[in-house]
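Visitor: Okay, handing you the structure first.
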Amino acid sequence: MELEFGFFAARKGLALAGIFPEFVCGVHDAFEELLEEVQRTDAHYVIIPTLRHLARNGFLQDVLLDRLRFAGAEVFCLVEDS
């Protein structure tokens, strides 16, 4: 997965600065760390595997996406959910 992030970033002309994996469904510690890093570094882009990697629930996906966008990040998905 890390290689896929790197290739995706390179195709977009971006530099991959870090990866924030979340290992427990329903826990958002890594998301909070990601959000803090976006704000601290003024990062402009976040790459996620799919929206389901943020949350399984559509409403929660929207809430988390809004938080990233409010922090100033544009979100890219490696694979669009169907």
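The values are calculated or read from the model by the stated rules, or taken from the named source; none is laboratory data. What you are looking at is a predicted structure, and each value in this text was computed from that prediction instead of being measured. All Cβ positions, glycine included, derive from the backbone under ideal geometry; neighbour counts span all protein chains shown.
Visitor: Select from segment 61-82 the residues that are under 15 Å from D29 (Cα atoms) and hydrophobic (A, V, I, L, M, F, W, C) and list them in ascending order.
Guide: Hits for segment 61-82 are L64, L68.
Visitor: Would it be correct to say that T41 is at pLDDT below 95, polar (S, T, N, Q) and within 16 Å of E80 (Cβ to Cβ)?
Guide: It is false that T41 is at pLDDT below 95, polar (S, T, N, Q) and within 16 Å of E80 (Cβ to Cβ).
Visitor: Out of all the residues in segment 8-24, which are surrounded by 12 or more Cβ atoms within 10 Å (Cβ to Cβ) and of a type in the set (A, V, I, L, M, F, W, C)?
Guide: Answer for segment 8-24, where residues must be surrounded by 12 or more Cβ atoms within 10 Å (Cβ to Cβ) and of a type in the set (A, V, I, L, M, F, W, C): F8, A9, L14, L16, I19, F20.
Visitor: State all residues of segment 47-82 that are in contact with a Phe, Trp or Tyr (Cβ under 7 Å, 6 or more places away or on another chain) and either surrounded by fewer than 17 Cβ atoms within 10 Å (Cβ to Cβ) or under 19 Å from A17 (Cβ atoms) (or both); if no residue qualifies, say none.
Guide: Listed by number, the residues that qualify are I47, A73, E74, F76, L78.
Visitor: Name the residues in segment 36-46 that are surrounded by 13 or more Cβ atoms within 10 Å (Cβ to Cβ) and farther than 15 Å from F76 by Cα, would you?
Guide: Residues satisfying the conditions are E37, Q39.
Visitor: Can you list the helices (runs of 4 or more DSSP H) found entirely within the chain that contain at least 2 residues being free of Cβ contacts under 8 Å to residues at least 60 places away in the same chain and among the basic types (K, R)?
Guide: 58-70
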